Amino acid sequence: MNLEQMEVVEMIIGYRFNEKSLLQQAFVRKSYGVEHDCAHNEILEFIGDKVLDLAVIQLLVEEHCSMTMGWQYQQQRMWQSLVKPNEPNVLHSNKTEGELTEIKKALVQRKNLARRIDELDLIKFITISQSDYDNRVHENASTKEDLFEAILGAVAIDCSWDMKVLKRVVDQMLQPNLREEDDNYIQELQEWSQKKYSTLPVYTIKTYNTAHWYRSDYIYDMSRHYRINANPGYIAYLNIRGVQETILGFGNTQSEARQDAARYALIVLERRNLLISVKDEIDEPSPELAINQLETLSRRGYFSLPEYVLEETHDKNGNPIWHVECHIEEMEYYYYADSSSKKKAKKEAAFDMLQYVLENYEKENQND
């Protein structure tokens, strides 16, 4: 890994190393280290695994726990005459131990860590042996998980175990959804950015300040800003391609601020007609390519795979007639075509369905 690549990685993870050799070591697989008699990332993986657990627990405590009771619980206790004078502060949580465990498990599982390495595009910097490369080991989820943990291990050693720094790096790399909300605005915005520009949104989290007041290059949800606490704790500064201004989000935790910024970004994109529609996915509907074009939309998550029902009959001269029906589970109508050629009938039915989808998908989803 050269110096320029290191700077790219540092920008992605939001941390600048004092000892660049530690960053380089984090990206060297054991197979390569043994083969070339050089330092590798195995011990850094071990350290990073423990760092990740502790940092995620800290983030969860910030999000779901408090030394003071929520006002709803306080009110309930008052009505029941359970509040005691000078009652000592203890830690309260709006989640049970089991619920917190499940959230943590989902965040640190291999699948999620591998996904984040892919989204951050970090695997391309890894150094592996030729045999591992030939066996495509770098594509394995376990390899990506190891890399995620090794980077954290390297940061831990370099920052002398400064948990404030480690928590910030974990938050930057993991970008966790700590509330398990039905509407994951962060994920939705990320999918838009990747589809539209093949890039990721860039978030910078800072403690709350008033530097955004009266600045025209910052935009944020004024109504929410007035409703929240006068000192919400954190500001998320969000930059995305297609929007010139920096979008701000506010929250009592870093996760909440990031989610708020993503939420408002989607509002801005909708107002400016920048959101991707299903029509944007297909450059030009084609009878010849309709089957593949429908499958492309399905793979991109718009609907389930099309189903085709084929039936062969014959005319009075014994020639085959193919009747093909095309249906998509989420769509209301079936489309069919008849032809002496099975392939042609399937293409025609698929093309009719494709035209219907492109014209009606957005309307049907709005009604839902």
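The values are calculated or read from the model by the stated rules, or taken from the named source; none is laboratory data. Keep in mind that this is a model prediction, so the values were computed, not measured. A quick note on method: Cβ atoms are made from the backbone with ideal geometry, for glycine too, and the neighbour counts reach across all protein chains shown. Side chains are part of the model used for accessible areas, which takes the heavy atoms of the whole protein and leaves out ligands, DNA and RNA. Shrake-Rupley method; radii C 1.70, N 1.55, O 1.52, S 1.80 Å.
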Checklist line | Count of region 183-224 residues which are open to solvent by 50 Å² or more (accessible area, probe 1.4 Å) and among the β-branched types (Val, Ile, Thr) | finding: 4
Next item on the list: Check LYS95 against each of (1) modelled with pLDDT under 90; (2) surrounded by 13 or more Cβ atoms within 10 Å (Cβ to Cβ); (3) part of a helix (DSSP H, G or I) and name the one condition it does not meet.
Entry: (3)
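State yes or no: is GLU19 open to solvent by less than 40 Å² (accessible area, probe 1.4 Å), at pLDDT 90 or above, of a type in the set (Asp, Glu) and closer than 15 Å to VAL155 by Cβ?
Working: open to solvent by less than 40 Å² (accessible area, probe 1.4 Å): no; at pLDDT 90 or above: yes; of a type in the set (Asp, Glu): yes; closer than 15 Å to VAL155 by Cβ: yes.
Considered against the rule, which asks whether it is open to solvent by less than 40 Å² (accessible area, probe 1.4 Å), at pLDDT 90 or above, of a type in the set (Asp, Glu) and closer than 15 Å to VAL155 by Cβ, GLU19 comes out as no.
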Notebook entry, point to check: Residue check, ALA350 against (1) touching a residue at least 12 places away in the same chain (Cβ under 8 Å); (2) open to solvent by 40 Å² or more (accessible area, probe 1.4 Å), all met but one. Which one?
Noted result: (2)
Next item on the list: State the number of residues belonging to region 269-290 that are crowded, with 20+ Cβ neighbours inside 10 Å and either more than 16 Å from ILE219 (Cα to Cα) or touching a strand residue (DSSP E or B) at 6+ places or on another chain (Cβ under 8 Å) (or both).
Entry: 1
Check: Is there a residue in region 59-75 that is modelled with pLDDT under 95 and either touching a Phe, Trp or Tyr at 6+ places or on another chain (Cβ under 9 Å) or among the β-branched types (Val, Ile, Thr) (or both)?
Finding: yes
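In this structure, does VAL61 turn out to be closer than 21 Å to GLN254 by Cβ and either assigned to a helix (DSSP H, G or I) or among the polar types (S, T, N, Q) (or both)? First the steps, then the outcome.
Values: closer than 21 Å to GLN254 by Cβ: yes; either assigned to a helix (DSSP H, G or I) or among the polar types (S, T, N, Q) (or both): yes.
So VAL61 fits the description; yes.
Specify which of the listed residues (VAL8, VAL34) is assigned to a helix (DSSP H, G or I), touching a helix residue (DSSP H, G or I) at 6+ places or on another chain (Cβ under 9 Å), surrounded by fewer than 21 Cβ atoms within 10 Å (Cβ to Cβ) and of a type in the set (Val, Ile, Thr). Lay out the reasoning, then the answer.
Details: VAL34 fails: touching a helix residue (DSSP H, G or I) at 6+ places or on another chain (Cβ under 9 Å).
Exactly one residue qualifies, and that residue is VAL8.
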Check: From the set of residues in region 266-321 that are among the polar types (S, T, N, Q) and not in a helix (DSSP H, G or I), which is nearest to TRP192 (Cα to Cα)?
Finding: SER277
Notebook entry, point to check: List, please: which pairs have Cβ atoms under 6 Å, are six or more places apart or on different chains, and start with a residue in region 213-233 that is at pLDDT 65 or above and part of a loop (DSSP other than H, G, I, E, B) and end with one that is of a type in the set (Phe, Trp, Tyr) and open to solvent by 30 Å² or more (accessible area, probe 1.4 Å)?
Noted result: PRO232/TYR208; GLY233/TYR208
Check: When the residues of region 247-288 are filtered to those that are under 18 Å from the mean Cα position of the chain (by Cα) and over 14 Å from ILE186 (Cα atoms), which remaining residue is modelled with the lowest pLDDT?
Finding: ILE276
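Here are some residues: ARG116, ARG110. Which one is basic (Lys, Arg), under 31 Å from the mean Cα position of the chain (by Cα), open to solvent by 30 Å² or more (accessible area, probe 1.4 Å) and modelled with pLDDT of 90 or more?
Details: ARG116 fails: open to solvent by 30 Å² or more (accessible area, probe 1.4 Å).
Going through ARG116, ARG110 in turn, just one is basic (Lys, Arg), under 31 Å from the mean Cα position of the chain (by Cα), open to solvent by 30 Å² or more (accessible area, probe 1.4 Å) and modelled with pLDDT of 90 or more: ARG110.
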Margin query: Take GLN244 and tell me if it is of a type outside the set (Lys, Arg) and at pLDDT below 90.
Written below: no
